[in-house]
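Presented below is the structure to which this report refers.
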Amino acid sequence: MAKAELSKLTAQPTEIEIRGKTFKVSPLTIDDLAALEQWVRQERLVAFMRASQQVQVDPAVYTQTMIGLTSQPISADEVSAETATIRGTRFILWRMLQRYQPQIKLERLGDLVDVNNLDEISAIVSAVGGLEPEEETPHPPVEGAVEAVVVGAKN
């Protein structure tokens, strides 16, 4: 069993290297996912408040929208979808780093992660955090379907 797989089972930290520096990251917990849910809610509120400053919003509509944004549950599917975004990946990485490097701030993760290492970091977050996507099962061919051919593709 690989070191990363064993750490997921025992909740032990895994060491990762980012830009030549070693960091300890912890597997995700239910508390981390709850924090992500709360963060998503907060981000939605901030986005709505910013947008409402740009246009005239009826006070009753504003109040109802704020009530809806604060009371409406965020589904597990929405939380899962957020982990696939760059912002979600950044938040999850930050949560994974926090137990052993509490001095790292969410806003400063850009110092560690950029477009040159984003794919690598996303893979680390998925593997260590237990967010690895399920393997897709091929769909059986549909009877009567036409096979698409990509022009210029080599077989």
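Brief remarks on what is shown
- Residue match in the range 97-108 (condition: charged (D, E, K, R), modelled with pLDDT under 90 and in a loop (DSSP other than H, G, I, E, B)): no
- Unique residue being among the small types (Gly, Ala, Ser), closer than 22 Å to residue 24 by Cα and assigned to a helix (DSSP H, G or I) when the list is 88, 68: 88
- Scanning the range 36-87 for residues that are polar (S, T, N, Q), in contact with a helix residue (DSSP H, G or I) (Cβ under 8 Å, 6 or more places away or on another chain) and within 30 Å of residue 114 (Cα to Cα) yields a single hit, 83.
- Against the test of being in contact with a strand residue (DSSP E or B) (Cβ under 7 Å, 6 or more places away or on another chain), surrounded by 11 or more Cβ atoms within 10 Å (Cβ to Cβ) and at pLDDT below 90, the options 27, 13 yield a single qualifying residue, 13.
- Residue 34 being small (Gly, Ala, Ser), without any contact (Cβ under 8 Å) to a residue 60 or more places away in the chain and closer than 17 Å to residue 106 by Cα: yes
The values are calculated or read from the model by the stated rules, or taken from the named source; none is laboratory data. Because the structure is a prediction, the values reported are computed rather than measured. When we count neighbours, we look across all protein chains shown, and the Cβ atoms used for this are built from the backbone with ideal geometry, even at glycine.
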